[in-house]
Amino acid sequence: MSDVVILGVGIHPFGRFDKSAEEIGAAAAQQALDDAGVKWSDIDSAYLSRMYLPATSGARILRRLGGTDIPIVDVEAACASGGAALRQALLAIRSGESEMVLVLGCEKMPRGFMDPSMIYAPWQVQMGMSLNPSYWSMRARRHMYDHGTTEEQIALVAHKNHRNSVSNPNAMYRKEFTMEQIMNSPLVCDPIRLLEICAPNDGAAAVVVTTAERARKIGGRPVRIAACVHSIARYSADFRCPADSMSATIDNPGPTEVTAKQAYERAGMGPHDIDCFEVQDTDAFCEIEIYEDIGLCPRGDGGRFAQEGHTQITGRHPVNMSGGLISKGEPVGASHLGQVVEVVAQLRGTAGPRQVADAKRGMAHVLGAGGNCAVTILERL
Amino acid sequence: MSTAADRPLTPIRKGLISEPIDSPEAFRLLGSKCGTCGELSIGTNAVCLNCGGSDLSTVRLSPEGILWTFTIVRHAPPGDYRGPKPFAPFGLGLIELPDGVRIMAPLEGDIDTFRIGARMRLNLKVLDADSPAPLAAFSFSMIG
């Protein structure tokens, strides 16, 4: 099977802007085309990753690049939408139906907690079980009970990610906070605090995907897609469905563990072959659990792993060099492609102060409602 | 059971609560037990959420369990939340029942007292008590 590559990337910063989804989406898409050295008319098919934008948003945004008759499809898989859309591009190219595909992620979201009617049943909303961070917090509380993970270890992850974001022009906050500021920020859902969770916001990111052969003819700095896997949580394996009950007898592996394992198998590599990681830090605890799920450390050791500094940019396994969702914000449809943009920069060696030394391979991971999880592994050619 | 003004209670979700709702003492949650794989989930379902089997029977779930994990919700949940106004922070937890299932539920009581492993008991919780159509929902509280 011939290699499929990302030839160009583009991003509109994540934040809150007085601009339409069409404006920020078209800007990211044009930047990706320019970076790839191709024109909009070279694209055979396009996908828009989005959750909150209305129907046909892909066509509405991309027709701003000029008239076209190519198929443009909106893809939705909650926080994993970007991975699901990138996978569609991979399939379209491998099938031979398309040779040059644009994948755009774009979102424009209101401030505050996310609209619960999207993912909760009415009775769950009426009873007060519709606050997303409450589910993450319950996992954190149990992990603390089972493994001795501390509030300080959770805060250390937030501290790292906020600090990393200072040099990322595409992040929303770009502000370093002290441990004291993080640990004294208001509780949202115990034990998770305000400076330890991500906020929904606006943003867009795009990639141009093509075959390795076509990329060679065009030139530029392509990055190989070693794996792009999307799956949903097995029975009773994750709170984020959002669950109304969980089994007390069946302990299925969680969606990140399952998806990462598939991605490692397809890429023919393991966690220790990968030089940098961008993962779903919807809250700081979530990142700790992901260290374990993607195999960076044994089950239960995630808190200590963070404390020992292994996931700092200068550590053995750098995680969320971009500042993560905690500091970038989470424009849901754009978040995975934003991670991909960061990983591509790392593999090209253009990440500036955030650069991981000699990064050859990188992973992007997202996880959200419905137990949707996506993992993409990229490799320098 | 009816409220003081004699308005009948409507279950917050069909198939979740045993009917008739005669008294707080007899109040139970319902579950679906799979005859093929033995798994149990809350509410009456047509198909087992684990194995896809259709040999399901409706069971009354145990009213007591153990707190498996919890959090404190410190901001008013978004959307059509029917809790007290003005908003007051409350506990939310997973209660493990001896039947082999963990139930997500609001917790009654002092938010500073919850702890993993505490014994919990089911309560009938009436929402919209002053409305023409009050809802029968549920919560758990610590025993003792």
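Worth a mention:
- Considering segment A:207-237, the residues that are assigned to a loop (DSSP other than H, G, I, E, B) and more than 14 Å from every other protein chain (Cβ to nearest Cβ) include one that is surrounded by the most Cβ atoms within 10 Å (Cβ to Cβ), namely A:P222.
- Any hit, segment B:46-65, residues being touching a Leu at 6+ places or on another chain (Cβ under 8 Å), surrounded by fewer than 16 Cβ atoms within 10 Å (Cβ to Cβ), modelled with pLDDT under 95 and away from every other protein chain (no Cβ under 11 Å): yes
- Of all residues in segment A:133-147, exactly one satisfies the criterion of being in contact (Cβ under 8 Å) with a residue 60 or more places away in the chain, farther than 11 Å from A:D283 by Cα and within 7 Å of chain B (Cβ to nearest Cβ), namely A:M138.
- Any hit, segment A:252-268, residues being within 14 Å of chain B (Cβ to nearest Cβ) and either surrounded by fewer than 24 Cβ atoms within 10 Å (Cβ to Cβ) or closer than 30 Å to B:R102 by Cβ (or both): yes
This table checks each residue for (1) more than 19 Å from A:F14 (Cβ to Cβ); (2) of a type outside the set (G, A, S); (3) touching a residue at least 40 places away in the same chain (Cβ under 8 Å).
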{"site": "A:I288", "(1), (2), (3)": "yes, yes, yes"}
{"site": "A:G295", "(1), (2), (3)": "yes, no, no"}
{"site": "A:R316", "(1), (2), (3)": "yes, yes, no"}
{"site": "A:V319", "(1), (2), (3)": "no, yes, yes"}
{"site": "A:L325", "(1), (2), (3)": "no, yes, yes"}
{"site": "A:G338", "(1), (2), (3)": "no, no, yes"}
{"site": "A:A364", "(1), (2), (3)": "no, no, yes"}
{"site": "A:L367", "(1), (2), (3)": "no, yes, yes"}
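- Within segment B:97-108, being within 13 Å of A:A243 (Cβ to Cβ), at the interface with chain A (Cβ under 7 Å from one of its Cβ atoms) and not β-branched (V, I, T) holds for B:R102, B:M104.
- The residues in segment A:295-316 that are closer than 18 Å to A:G254 by Cβ, in a loop (DSSP other than H, G, I, E, B) and under 20 Å from the mean Cα position of the chain (by Cα) can be counted, and the count is 2.
- Screening the candidates B:L122, B:L127, B:L94 for the property of being touching a residue at least 60 places away in the same chain (Cβ under 8 Å) and within 12 Å of another protein chain (Cβ to nearest Cβ) yields one hit, B:L127.
- Candidates A:M172, A:M179: the one that is in contact with a His (Cβ under 6 Å, 6 or more places away or on another chain), more than 29 Å from A:L91 (Cβ to Cβ) and in contact (Cβ under 8 Å) with a residue 24 or more places away in the chain is A:M179.
- Taking segment A:256-271 as the range and being touching a Leu at 6+ places or on another chain (Cβ under 8 Å) and of a type outside the set (S, T, N, Q) as the test, only A:P271 passes.
- Scan of segment A:115-132 for residues that are under 30 Å from A:A206 (Cα atoms) and either aromatic (F, W, Y) or more than 7 Å from chain B (Cβ to nearest Cβ) (or both), ordered by number: A:M118, A:I119, A:Y120, A:N132
- Qualifying residue in segment A:113-123 (condition: touching a residue at least 24 places away in the same chain (Cβ under 8 Å), within 16 Å of the chain's Cα centre (by Cα) and surrounded by 18 or more Cβ atoms within 10 Å (Cβ to Cβ)): no
- If only residues of segment A:1-46 that are more than 19 Å from A:I70 (Cβ to Cβ) and among the aromatic types (F, W, Y) are counted, the one that is surrounded by the most Cβ atoms within 10 Å (Cβ to Cβ) is A:F14.
- Evaluation of A:A92 against (1) within 30 Å of A:F305 (Cα to Cα); (2) of a type in the set (G, A, S); (3) out of contact with any Cys (no Cβ under 7 Å at 6 or more places or on another chain) (one fails), failing number: (1)
- A search for C-beta distances below 7 Å between a residue of segment B:70-86 that is within 26 Å of B:I116 (Cα to Cα) and more than 7 Å from chain A (Cβ to nearest Cβ) and any residue that is of a type in the set (A, V, I, L, M, F, W, C) and not in a strand (DSSP E or B), counting only pairs 6+ apart in sequence or on different chains, returns B:A76/B:F87.
- Evaluation of A:R240 against (1) among the basic types (K, R); (2) modelled with pLDDT of 95 or more; (3) outside any helix (DSSP H, G or I) (one fails), failing number: (2)
- Contact map, segment A:94-109: first residue at pLDDT 95 or above, second residue assigned to a loop (DSSP other than H, G, I, E, B) and of a type in the set (K, R), Cβ cut-off under 8 Å, separation 6 or more or different chains; pairs are A:G105/A:R50; A:C106/A:R50; A:E107/A:R50.
- Filtering segment A:173-184 to residues that are farther than 11 Å from A:E151 by Cα and surrounded by 17 or more Cβ atoms within 10 Å (Cβ to Cβ) leaves A:Y173, A:R174, A:F177.
The values are calculated or read from the model by the stated rules, or taken from the named source; none is laboratory data. Keep in mind the model is a prediction, meaning the values are calculated, not measured. Neighbour counts run over all protein chains shown; Cβ positions are idealised from the backbone, glycine included.
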